[in-house]
Amino acid sequence: MTGVRTPPTRRAPRPGPGVPQGPAGTPESSFGIWDWARWAWLQLTSMRTALVLLFLLALGSVPGSVLPQEGIDPQAVQQYYAAHPSLAPLLARLSLFDVFASPWFAAIYLLLFASLAGCVIPRTFRLAGSARQQPPQAPANLSRLPLTARHETTLPPDEALATAAAVLSAKRFRLRTGDGWISAEKGYLREAGNLLFHLALLALLAAVCVGGMFGYKANRLLVVGDSFANTATDLDAFHPGRAVSAADLQPFTIALNSFRASYITSGALRGQPSRFDALIRYSPQPGAPMRGYSLRVNHPLAVDGVRVFLIGHGYAPVFRVTDGTGRVVFDGPVPFIAVEQAGLTSEGVIKVPDAHPQQLGFAGVFLPTAVDVGGKLGSAFPAPLNPVVSLVSYAGNLGMNSGPAQSVYQLDTSGLRQLPVRPRPLAPGQSIKLPGGDGTLTYTGYRQWISLAITYDPGTLPALIAGMTALAGLLLSFFIRRRRIFVRARPGAEGSTVVDVGGLARSDAAGGFEAEFPSLAGEIKAAQQGSEPAVPATGPAPVPAAGADGGPPAAHNPTEGE
């Protein structure tokens, strides 16, 4: 990646007929749409822009971790609306209850993907070329390198170089030979690691994109004794990817046999959940036999590539409503949503549109362990030790046959009138007799419900593989060292050959090449004339002479052909 660039300046055309002239007689410079587009692309693929986008992506993910999300826990979103009625609509307009599917988050992600792709792809070609390049030519004066050694041998210069080449080749060095010298380099896997990391990074982003395009998320509230099929019409909330339709859903079925919740009964953590167990039966496809499974928190059900998570639970009081004509017009459980977690006090509504002579509606609370707290009802414990309900009764028009769609958890009282029935706690089996012959409501008991998060993400496995590959690339680039060995051989006195060996570490921030170099130099000498260790020319690590002004020596980087 590169730094931020300023727009390039176009060379002014040579003055001629029809060319506009500036104040000083020079032609006006032109900067067209293509130049602006190229400049914008350079800014997008710069290091600074990528870091800013990465920071914005991380910052935008914070609300998705702090606030409840529609695609994960819609019941928690309803609780947030109940607890913050003025703030919740504002957050909803900003898509903060569905952060990862919001337009602004998608824009940041796509810009980051384009920025990284525009930087990584050209860098990939450069790294691929670097991994294939040959070692440079040996410097003319090896004594100027950080690590040097010199010895003499009776072998002719050509044979001495051939012996040194054999030693270095056995150590898996890449060799390049010339007239009187050998250049060897090792550690090219470091560049391969960098290349692998960059490619894996692109693959990771692509895998996330695939998961968002071809995956989906859904939620289902399931009462004990009920079942559902994985169809768009049988799900409470369905959030498909852009390439997913209702026909693409896996055709499995799930039934809830029983649910058991355990709570801590004493100590500072009294009332906190200790274990949730949902015993379910499922069929992976129509006509297949049902299978049993114990669904627990962090132990999802995996069926046909879909994962089903247990994310919440609550109570569904069971009511039987008889209207003014004596008919039973409602008989079943009604899920109530928890509004506080300490005692699991829950709120809910019952709508009876088929009642006669007028429609009926009820709104109230369910208290698992009802106690009197200063003249008000409250729940002292989340387990159902003393389950009661308290309801407010209404009659009139529920407004379900016209107007906008209504939530099953809210009661529109604009067309209703409150009946003169004083709310009182009802234990299982107790009833409310409505005035004016409007009927009777009986609280017959309760069931429990669970909330399921259904997730299908085909990009999960590719993202995992890409992440592990990126980690492997980083490890290669961190632990593999690029180092070079140079050998020169020239005729010496009395028919001997003087062999100079020099070493240079291109990337050795952690050290280690200072210990490896004497061993290599010793092996080269031993292969040429015996096992006598090499004698360093200027000590283990020669120190260059000070500069002319008495200051520190000037840094020297040998270049090809030096």
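Every read-out reported here was derived from the displayed coordinates using simple, explicitly stated rules and does not represent laboratory data. As the structure is a computational prediction, the values presented were derived from the model and not from experiment. Heads up, the Cβs are rebuilt from the backbone with ideal geometry, glycines too, and the neighbour counts pull from every protein chain shown.
Summary of computed values
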item: Helix runs (DSSP H) in the chain reaching 27 Å along axis by Cα, Kyte-Doolittle at least 0.5; result: 47-66, 103-132, 189-214, 460-479
item: Count of lysine pairs in the chain with Cα separation under 27 Å (8 or more residues apart, or interchain); result: 6
item: Kirkwood estimate for the stretch 216-456, i.e. one over the average of 1/r between Cα atoms, Å; result: 19.6
item: Value of relative contact order over the chain, rounded to a whole percent, pairs C-alpha under 8 Å and six or more apart; result: 19
item: Separation between Cα centres of the stretch 104-142 and the stretch 186-215, rounded to whole Å; result: 12
item: Mean separation of Cα contacts under 8 Å (6+ apart) over length of the stretch 216-456, as relative contact order %; result: 21
item: Under-5 Å amide H pairs with D226, H placed in peptide plane, nonlocal only; result: L256
item: Amide proton proximity set for G332, modelled H, under 5 Å, gap of 5+; result: F319
item: Cα-projected label distance for V62 with R424, points at 7 Å along beta-carbon direction, nm; result: 5.3
item: Simple label model, 7 Å out from Cα along Cβ direction - R291 to D179, nm; result: 7.6
item: Enclosed volume per residue, in Å³, of the convex hull spanned by Cα atoms of the chain; result: 350
item: Sequence-distant residues sharing a close amide H with Q430 (under 5 Å, placed H); result: Y443
item: Packing rank of 128-139, 189-200, where each peptide gets the mean count of other beta carbons within 10 Å, highest leading; result: 189-200, 128-139
item: Ranked by how many other beta carbons lie within 10 Å on average, peptides 442-448, 166-172 from highest; result: 442-448, 166-172
item: Computed log₁₀ I(q)/I(0) - Debye formula, equal Cα scatterers, no solvent, the stretch 33-127, q 0.12, 0.13, 0.15, 0.21 Å⁻¹; result: -0.53, -0.58, -0.69, -0.98
item: Cα-projected label distance for S143 with A82, points at 7 Å along beta-carbon direction, nm; result: 8.8
item: Relative contact order (%) - criterion: Cα under 8 Å, at least six apart; region: the stretch 33-127; result: 39
item: Mean projected area in nm² (Cα convex hull; one quarter of hull surface) for the stretch 348-388; result: 3.8
item: Within the chain, helix-based [θ] at 222 nm, where runs of 4 or more DSSP H residues each add -39,500 (n - 2.57), nearest 500; result: -9500 deg cm²/dmol
item: Highest-first arrangement of 331-338, 432-439, where packing means the average Cβ count within 10 Å; result: 331-338, 432-439
